[in-house]
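Here the structure comes first, spelled out in structure tokens, and everything after it is commentary.
Nothing in this text is a laboratory measurement; each read-out follows from the coordinates by a stated rule. All values derive from a computational prediction rather than experimental measurement. Virtual Cβ from ideal backbone geometry, glycine too; neighbours counted across all protein chains shown.
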Amino acid sequence: MEDDGMLTECQESLNETGRFRKPLVLGVTGGIASGKSSVIDYFDRLGADVLSADQLAREAVLPGSLALAEIRVVFGDAFLLDDGTLDREKMAAEVFADPASREKLEKIVRPSIAVLAGKRLDELRQKDIELVVYEAPLLFEAAVEGRVDRVLTIWVRPDVQLQRLCRRNNLTEDEARQRILAQFPQEVKVVRADELLDNSGSLEQTWSGVELLFKRLVADR
């Protein structure tokens, strides 16, 4: 415990002298098929430290976890693969088709993700880096925007979103619309965000937008 206290005092001292500044934490959210992965990849290339809520969600349901055990009780063995891991594709189809199932799954998984996210973000905030990007598609739905300093919403034109989702997931237009409608409306995320990125165009346009935002956020830090 004495070591922890000495570390805190040292960090506070560095803050005062200007040699250590905690990084800005940017939460990145957006609708399904809005191109979040491309945006996150660009931030990563520019030097940001990236934390993905989706990866945390995978960790939360690893074999032996309490969350996976509860999923098995609530949904049954039919949603597990032969190796005991969660059948993510089958579960996704279930929760997008049935709002009640979606709510049950989120109640099981969200607490575990919250613990993991809090721990990782606390660790990253102690690093002398410029920007942490926390990719969290359900940032507003889970009411955890307080974990971050600023929120970026990635927006995409509805027609482009539909086309991308059909192509990416090999869905019919009706299936894709069902998945889009099951989520938080893009417009709500736009209104509640601090930053907005239109990702309806080319990859070159997306890169340019991310680069400009990165430079501005780092300069404001």
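Values for this structure:
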{"item": "Net charge of Cβ neighbours under 13 Å - reference Glu103; Lys, Arg +1; Asp, Glu -1", "result": "0"}
{"item": "Non-local Lys pairs in the chain, i.e. 8 or more apart or on different chains, that have alpha carbons under 30 Å apart", "result": "26"}
{"item": "Cα gyration tensor shape for the chain, rounded if a/c is under 1.5, else prolate or oblate", "result": "oblate"}
{"item": "Amide H partners (placed H, <5 Å) of Leu80, local residues excluded", "result": "Asp87"}
{"item": "Mean separation of Cα contacts under 8 Å (6+ apart) over length of the chain, as relative contact order %", "result": "36"}
{"item": "Relative packing of peptides 68-81, 135-148 - highest average C-beta neighbours within 10 Å first", "result": "135-148, 68-81"}
